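The values are calculated or read from the model by the stated rules, or taken from the named source; none is laboratory data. Source: prediction; values computed, not measured. Cβ placement follows ideal geometry from the backbone for every residue including glycine, while neighbour counts extend to all protein chains displayed.
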Amino acid sequence: MPRVADDPKWTDPGLLVMGSLADGPKHGYAMVQDVEECTGVRLGPGTLYGAIARLEARGLIAALDSTDSRRRPYRLTTRGVEVLELQLAGMQRFAGLGRRRLARLTPVFGGAS
Amino acid sequence: MSVGARLQRLLVAAYPPSFRHRYGGELASLVEDSGFRGRDSVDLALGVGRAWVAPVFGGAPGEQRRSRLQTTTITVLAAWCASVLAAAGFSKSVDDPPLPGLHGVAATAYNTGGVVVEVTAGAVLVAGFVFWLTVMIPALRARRRDIVAPALAPALVVGAWLGITGLVALFAHHWVPGGNVALSWPRGALTLAVLLAWVALTVVGVAGCAASAAVALRRAQVGVTRLASSTVVAGLAAVGVAVQAVASVVCLGGLLHAGGGLDARNIVFSTVDVAVFVVATAIAAVSVARGLSVLRPGPPSPVSPTT
């Protein structure tokens, strides 16, 4: 079923950036490509760097030293790893609960269609 | 370079200086790598708006606090400069020449606003001069021309403005019947042109003073202690701007209620001035609240994106 604009979203830009960096350090363009490949969500440049600035200010990600200041890679910090693990565990619990409830609800509506 | 690419470059340049300093190069590189897309331009424009409305400061907690206080000082300075211009415009609209309805509540509000403008201006100028000295003296000792030049610019602008204002006054005395520009305006195309040029010069001059002071302050990298003092002064200035806003609204309301001689031109100009007061008050109040929030005692913590 296609998603529509008003559907509830889990695609918080900060979470997507942290999820992308869980695979290793990346610079901005690599993050955009990775997030688009993995989730189908394309982060615009303003959204991406707004998220990077907020995450860096909160100490969840950090810039790595780079000779090219225009393509600076970022990594998750220890605190960022903890926060991401917490978020993903919460999402996993919620997804499991939602699936179990949907499974109970499905017969009432005559099966998924 | 295509129009779209130029637009995106312009949008990157429209981010706040602190954001541009930290992320500008990376953002420009990403935009170049991604190629032009219309949706990206909209996304960048929204990002610019968010960065101005809810700025985020990177670096260590101490640097985040310093950047926050610096931004509050610069923002309130700009809002106060705008309110000073609005005060002059409002005064011209209702008191030059005085409107017949300017009495009672309207006059009390107008006079209160005037006193607050003068007291606030005095406090800001004295505190600003002391602060200016604390920036200039080390900059002169270190031969930091990149700080000294923008810090001296306001003095040069004010000097030039006073000289040009003197020439305009001479022009008014010799060319305007009775020498009273206010009463004769807009009689005569030359008088109107000279006055409009003078007004434009005044606006550009005030904006230039605020901008050059902001550049000098950013380059000087003033410490948290001194910026804490400037934030307190900024708080007082914000209160002054707020009082002016309330006084101008009450004054304009009283004049409109009494039908006190406001013509269409006066209504338009005074309404624009009131709008400037209100917007300047909102901006200054939010910025001071954010600045004061990092001055609260307690262990330094990273600035939340929502503050």
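Looking at B:Leu69, B:Leu7, which is the one that is in the same structural domain as B:Val204 (by TED's automatic domain parsing) and not in a loop (DSSP other than H, G, I, E, B)?
Answer to the check: B:Leu69.
Taking the stated definitions as given, is A:Arg71 over 15 Å from A:Asp12 (Cβ atoms), facing another protein chain (nearest Cβ under 7 Å) and charged (D, E, K, R)?
Criteria met by A:Arg71.
Could you list all residues from the range B:17-40 that are more than 9 Å from every other protein chain (Cβ to nearest Cβ), buried (at least 16 other Cβ atoms within 10 Å of the Cβ) and closer than 27 Å to B:Ala214 by Cβ?
Within the range B:17-40, B:Ser18, B:Arg20, B:Gly24 meet the criteria.
Taking the range B:83-104, which residues are modelled with pLDDT under 85 and either of a type in the set (S, T, N, Q) or outside any loop (DSSP other than H, G, I, E, B) (or both)?
Scanning the range B:83-104 gives B:Lys92, B:Ser93, B:Val94, B:Asp95, B:Pro98, B:Gly104.
If B:Asp43 passes every condition in (1) within 11 Å of another protein chain (Cβ to nearest Cβ); (2) at pLDDT below 90 but one, which one does it miss?
Of (1) within 11 Å of another protein chain (Cβ to nearest Cβ); (2) at pLDDT below 90, only one is false for B:Asp43: (2).
Testing B:Val288 on (1) buried (at least 19 other Cβ atoms within 10 Å of the Cβ); (2) within 23 Å of B:Leu196 (Cβ to Cβ), one condition comes back false. Which one is that?
That leaves (2) as the condition not met.
Restricting to the range B:83-103, name every residue that is of a type in the set (S, T, N, Q) and within 18 Å of B:Val119 (Cα to Cα).
Within the range B:83-103, B:Ser83, B:Ser91 qualify.
Could you grab me the full set of residues in the range A:20-57 that are away from chain B (no Cβ under 13 Å) and touching an Asp or Glu at 6+ places or on another chain (Cβ under 6 Å)?
Once the filter is applied, which keeps residues that are away from chain B (no Cβ under 13 Å) and touching an Asp or Glu at 6+ places or on another chain (Cβ under 6 Å), the range A:20-57 yields only A:Ser20.
Might you let me know whether the range A:28-38 holds any residue that is modelled with pLDDT under 95, over 15 Å from the mean Cα position of the chain (by Cα) and either surrounded by fewer than 20 Cβ atoms within 10 Å (Cβ to Cβ) or not hydrophobic (A, V, I, L, M, F, W, C) (or both)?
Yes, the range A:28-38 contains a residue that is modelled with pLDDT under 95, over 15 Å from the mean Cα position of the chain (by Cα) and either surrounded by fewer than 20 Cβ atoms within 10 Å (Cβ to Cβ) or not hydrophobic (A, V, I, L, M, F, W, C) (or both).
Being away from chain A (no Cβ under 11 Å) and outside any helix (DSSP H, G or I), is that true of even one residue in the range B:109-116?
no
Of (1) within 22 Å of the chain's Cα centre (by Cα); (2) farther than 30 Å from B:Ala284 by Cβ; (3) among the charged types (D, E, K, R), B:Arg6 satisfies all except one. Which?
Every condition holds for B:Arg6 apart from (1).
What residue, of B:Thr231, B:Thr202, B:Thr225, is without any contact (Cβ under 8 Å) to a residue 40 or more places away in the chain, of a type outside the set (A, V, I, L, M) and not in a loop (DSSP other than H, G, I, E, B)?
After ruling out the rest, the residue left standing is B:Thr225.
Which of the residues spanning the range B:55-66 are surrounded by fewer than 17 Cβ atoms within 10 Å (Cβ to Cβ), at negative phi and either at the interface with chain A (Cβ under 9 Å from one of its Cβ atoms) or of a type in the set (Val, Ile, Thr) (or both)?
B:Pro61, the sole residue that qualifies.
Here are B:Val176, B:Val232, B:Val215: which of them is in the same structural domain as B:Ala82 (by TED's automatic domain parsing), at pLDDT below 75 and either closer than 19 Å to B:Ala284 by Cα or of a type in the set (A, V, I, L, M, F, W, C) (or both)?
Result of the check over B:Val176, B:Val232, B:Val215: B:Val176.
What's the number of the only condition in (1) aromatic (Phe, Trp, Tyr); (2) closer than 20 Å to B:Pro17 by Cα; (3) away from chain A (no Cβ under 14 Å) that B:Phe90 fails to meet?
(2)
Hey, among A:Leu76, A:Leu84, A:Leu60, which residue is within 23 Å of B:Gly62 (Cα to Cα), surrounded by 11 or more Cβ atoms within 10 Å (Cβ to Cβ) and either modelled with pLDDT of 95 or more or more than 14 Å from chain B (Cβ to nearest Cβ) (or both)? Let's see the steps before the verdict.
Working: A:Leu84 fails: within 23 Å of B:Gly62 (Cα to Cα); A:Leu60 fails: either modelled with pLDDT of 95 or more or more than 14 Å from chain B (Cβ to nearest Cβ) (or both).
So the residue among A:Leu76, A:Leu84, A:Leu60 that is within 23 Å of B:Gly62 (Cα to Cα), surrounded by 11 or more Cβ atoms within 10 Å (Cβ to Cβ) and either modelled with pLDDT of 95 or more or more than 14 Å from chain B (Cβ to nearest Cβ) (or both) is A:Leu76.
If a residue must be in a helix (DSSP H, G or I) and within 21 Å of A:Glu36 (Cβ to Cβ), how many such residues does the range B:13-35 contain?
10
Against the conditions (1) assigned to a helix (DSSP H, G or I); (2) within 14 Å of the chain's Cα centre (by Cα); (3) not aromatic (Phe, Trp, Tyr), where does A:Gly46 fall short? Just the number, please.
With (1) assigned to a helix (DSSP H, G or I); (2) within 14 Å of the chain's Cα centre (by Cα); (3) not aromatic (Phe, Trp, Tyr) applied to A:Gly46, the lone miss is (2).
So which residues in the range B:90-108 are within 19 Å of B:Val279 (Cβ to Cβ), small (Gly, Ala, Ser) and crowded, with 19+ Cβ neighbours inside 10 Å, if there are any at all? Before you say what the answer is, go through the steps one by one.
Within the range B:90-108, the subset within 19 Å of B:Val279 (Cβ to Cβ) is B:90-91, B:93.
Adding the requirement that they be small (Gly, Ala, Ser) leaves B:91, B:93.
Of everything in the range B:90-108, just one residue is within 19 Å of B:Val279 (Cβ to Cβ), small (Gly, Ala, Ser) and crowded, with 19+ Cβ neighbours inside 10 Å, namely B:Ser93.
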